[in-house]
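To start, the structure under review is shown below, and the notes come after it.
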Amino acid sequence: MTTSQDDLLPGTRRALLHRIAVAQSEGRAPSLVAAVARGGKAVWHGARTSVDGHGPDENVQYRIGSITKTFTAVLVLRLRDEGLLDLGDPLEKHLPGTGAGEITIAQLLAHTGGLAAESPAPWWERTPGSLRPDLVDVLGEQPFRHPVGRRHHYSNPGYTLLGALVEEVRGAAWEDVLRREVLEPLGLHRTSGSPQAPHAGGWAVHPWADVMMPEPSEDLGRMAPAGQLWSTTADLARFAGFLLLGDDRVLSAASVQEMRTPAAPAETADLAAGTSYGLGMQIVNRAGRTLVGHSGSLPGFLAGLVISVDDDVAAVVLANCTSGPPTFTVAADLVRIVAEAEPRVPEPWRPMAEVDHAVLELAGQWYWGTQPFGLRLSAAGGLALEPLSSVGRGARFRANGDGTWTGLDGYYAGELLRPVRRTDGSVRHLDLGSFVFTRQPYEEGASVPGGVDPEGWRGLP
């Protein structure tokens, strides 16, 4: 039997089905649907249900709760990429009069604005949005719980402000902008603000008895950018592919990578749990694997979207119960099952098409003081600095086009790497954020700060 690139092996499919079956059974969910994507395409769908003869498929809508926030963040990054705002701008510059205008747009995206987690009572998720017609009703008289920018504190009202920002800059309703700029270009035709048949009903399952009660489904009004959307596993699998690869019609690969990068200071508990937050995306380190995505919940529904960039695998899990299976954890397990059973096959190694000898000269061994490093030139044209001992800071660098390089990660992120050349054009040393790297440890005649002892290396006197 020939297996196409997008197929999963029978054993993998069996393991995926077993995982969601356990989740639906132990979580006592009326129904649970899931999908796995690889290479930007859905490769598996599964469902479990308590109703005999009826299995929801990948086109049945469920409410996705706070996964909505990731969609809202995409809209804000689009405004930034168009030059209509800067993430460092205070909200007041573009949306005056909120009473929370000192918070920057980046702080709202990363939940570091110090705002309350919820809007004032009554509980906004279970009451009509008409009770909160204006931003002042969402924020309340005392919107702040912490100093601005000092800590990560998840805030639903913060994303209401971001939705209002989108409306102010675009001059149109948040949902209309979302449909025009994200949903339609990506082909997410089964994602909407209001439920569209076929859709699941939301249920509360009694904690001490196997009985259920229907949950109300409210239009969240102003709070919609924080949690309004309904979607399907098929649409969310496609959305996960976008969050992995980008799509220039919506947002570039560089901008979605920015969303996946930690942007908030971690709490002590978060450090212990290996969790952080980017720009509209949660980041979790689990068993040596970095996962990004978002969880979601509203009365009657639970949702989880998880992506492993390194494994090129994403998973979506949706359930129609108020409490029950841990959908984010289950989605993470689906990613792990595929990544371990069918690990990503690397692309064939290929040499560079063209060689810039001025860059090739930089490759090889360098020393910062007495610490050895290797500088490697990749076929893609980037540089990678790698410590050759058990200590030392590594980093990747991109070319700036003028002979200098900018760090992309780690300690040297944003720092400038500059080759310093002799009069004949050969490289004398490397300057990396004021650190001098030489071909030999404390090389004689090199521009090492503090100078090099003229007697050179010696043994014990």
Could you tell me which of the residues Val76, Val136 is β-branched (Val, Ile, Thr), at pLDDT 95 or above, closer than 22 Å to Trp174 by Cβ and outside any loop (DSSP other than H, G, I, E, B)? Val76
All but one of (1) touching a Pro at 6+ places or on another chain (Cβ under 7 Å); (2) more than 22 Å from Ala264 (Cα to Cα); (3) not hydroxyl-bearing (Ser, Thr, Tyr) hold for Gln142; which doesn't? (1)
Is segment 395-402 home to any residue that is exposed (fewer than 12 other Cβ atoms within 10 Å of the Cβ) and out of contact with any Gly (no Cβ under 8 Å at 6 or more places or on another chain)? yes
Restricting segment 216-240 to residues that are at pLDDT 95 or above and out of contact with any helix residue (DSSP H, G or I) (no Cβ under 9 Å at 6 or more places or on another chain), the residue that is surrounded by the most Cβ atoms within 10 Å (Cβ to Cβ): Thr233
Is it fair to say Pro419 is modelled with pLDDT of 95 or more, surrounded by 10 or more Cβ atoms within 10 Å (Cβ to Cβ) and farther than 26 Å from Glu347 by Cα? yes
Give segment 298-310 a look and list any residue that's crowded, with 21+ Cβ neighbours inside 10 Å and over 13 Å from Ser231 (Cα atoms), or say none. Leu298, Gly300, Val306, Ile307, Ser308
Using beta carbons and a limit of 6 Å, which pairs, at least six apart or on different chains, have the first residue in segment 156-181 and in the same structural domain as Thr112 (by TED's automatic domain parsing) and the second one among the basic types (Lys, Arg)? Tyr159/Lys69; Thr160/Arg222; Val177/Arg170
What residue, of Arg344, Arg286, Arg260, is touching a helix residue (DSSP H, G or I) at 6+ places or on another chain (Cβ under 9 Å), of a type outside the set (S, T, N, Q) and surrounded by fewer than 19 Cβ atoms within 10 Å (Cβ to Cβ)? Arg286
Which residue pairs have Cβ atoms under 9 Å apart, sit 6 or more places apart or on different chains, and have a first residue in segment 128-141 that is outside the structural domain of Leu165 (by TED's automatic domain parsing) and a second that is modelled with pLDDT of 95 or more? none
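The values are calculated or read from the model by the stated rules, or taken from the named source; none is laboratory data. Just so we're clear, the structure is a prediction, and the values are computed from it rather than from any experiment. Cβ sites come from the backbone with ideal geometry, for glycine too, and all protein chains shown count toward neighbours.
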